[in-house]
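This report concerns only the one structure given below.
The values are calculated or read from the model by the stated rules, or taken from the named source; none is laboratory data. This structure is a prediction, so every number in the text was calculated from the model and none was measured. Neighbour counts run over all protein chains shown; Cβ positions are idealised from the backbone, glycine included. What goes into the accessible areas is simple: the full protein's heavy atoms, side chains included, and nothing from ligands, DNA or RNA. Shrake-Rupley method; radii C 1.70, N 1.55, O 1.52, S 1.80 Å.
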Amino acid sequence: MFTGIITAVGRIAALQPLGSTPDHGKRLTIEAPPGYLDDVGLGDSIALNGACMTVTSLDLPASRFTIDISAESLARTTGLADSGRRINMEKALRANDRLGGHIVSGHVDGIGHVTRFAQVGESWELCVMAPPEMGKYLAYKGSITVNGVSLTVNRVADSADGTEFSINLIPHTVQGTALGDLVAGAAVNLEIDTVARYVERMLTAGQTPPKESA
């Protein structure tokens with residue numbers, strides 16, 4: 001469990017295939033800021049660009065760790081297969097931690113695409129087109145996770161192509177995360193608000209599917 005408050009920006013230092021076929025995943029070596037891994041142990045969870053991953057090895061002197069990611073996870077996420085890419089990182093939530101963002105599971109629900117990223121006054125406007133099936137979970141002033149960052153939706157617009165939502169990023173967020181690297185057309189990992197997920201289930205549970213006409 002996470003909060004969507006990024007605690008460090010790391011870098012994918014190396015990629016190693018775990019096999020010779022497309023069904024095999026990859027081993028990623030992640031470079032973290034000095035001291036970031038001091039309280040991390042083998043098997044701990046760290047969210048990378050919003051995707052919960054398990055630490056499989058640690059190199060504390062080099063401030064590096066590895067994770068193994070399956071082909072299925074690679075196919076359903078973005079930004080985790082490019083060597084040299086900067087990535088947002090967050091350690092798993094502890095029971096006594098502050099919930100500064102919102103409840104985040106680290107499970108990517110879909111991939112969106114940036115339609116606009118531009119400075120407006122002292123802040124930045126980030127617009128993302130979400131897949132059509134995610135539109136019902138997006139609401140004005142609701143929460144959304146973009147590449148692991150907990151953000152507040154300022155505008156929602158439905159269309160045949162999907163649902164475009166707008167977010168205002170303060171300079172601190174742009175400077176303290178890897179969101180500042182985004183450009184129009186870039187793919188991003190999206191996770192819907194957990195509360196919205198349960199509300200949708202409560203509203204649809206027990207509904208009988210319509211019968212097919214002859």
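At a glance:
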| item | result |
| --- | --- |
| Index of the failed condition, T115 passing every other in (1) more than 13 Å from the chain's Cα centre (by Cα); (2) polar (S, T, N, Q); (3) open to solvent by less than 30 Å² (accessible area, probe 1.4 Å) | (3) |
| Selection from segment 146-159 of residues that are among the β-branched types (V, I, T) and touching a Ser or Thr at 6+ places or on another chain (Cβ under 9 Å) | V149, T152, V153, V156 |
| Search result, residues across segment 144-185 that are open to solvent by less than 50 Å² (accessible area, probe 1.4 Å) and in a loop (DSSP other than H, G, I, E, B) | N147, G148, T177, L182 |
| Of all residues making up segment 23-42, the number that are β-branched (V, I, T) and either more than 26 Å from I103 (Cβ to Cβ) or buried (at least 20 other Cβ atoms within 10 Å of the Cβ) (or both) | 2 |
| Sole residue being surrounded by fewer than 14 Cβ atoms within 10 Å (Cβ to Cβ) and touching a strand residue (DSSP E or B) at 6+ places or on another chain (Cβ under 6 Å), chosen from S45, S20, S57 | S57 |
| Segment 64-99: number of residues that are under 14 Å from I12 (Cβ atoms) and of a type in the set (S, T, Y) | 4 |
| Single unsatisfied condition, K136 versus (1) modelled with pLDDT of 95 or more; (2) within 16 Å of D109 (Cα to Cα); (3) charged (D, E, K, R) | (1) |
| Of all residues in segment 56-103 being among the β-branched types (V, I, T) and modelled with pLDDT of 95 or more, the one that is farthest from V146 (Cα to Cα) | T56 |
| Residue count, segment 11-48 (criterion: in contact with a Gly (Cβ under 9 Å, 6 or more places away or on another chain) and over 24 Å from V146 (Cα atoms)) | 3 |
| Pair list, Cβ < 6 Å and 6+ apart or interchain, from segment 68-89 residues that are closer than 15 Å to R27 by Cβ to residues that are hydroxyl-bearing (S, T, Y) | D68/T56 |
| Qualifying residue in segment 21-32 (condition: within 22 Å of S105 (Cα to Cα), hydrophobic (A, V, I, L, M, F, W, C) and assigned to a strand (DSSP E or B)) | yes |
| Only listed residue being over 20 Å from the mean Cα position of the chain (by Cα) and hydrophobic (A, V, I, L, M, F, W, C), chosen from L42, L74, L48, L28 | L42 |
| Set V188, V108: member being in contact (Cβ under 8 Å) with a residue 60 or more places away in the chain, crowded, with 21+ Cβ neighbours inside 10 Å and in a strand (DSSP E or B) | V188 |
| Residue in segment 63-74 that is open to solvent by 40 Å² or more (accessible area, probe 1.4 Å) and part of a strand (DSSP E or B) present | yes |
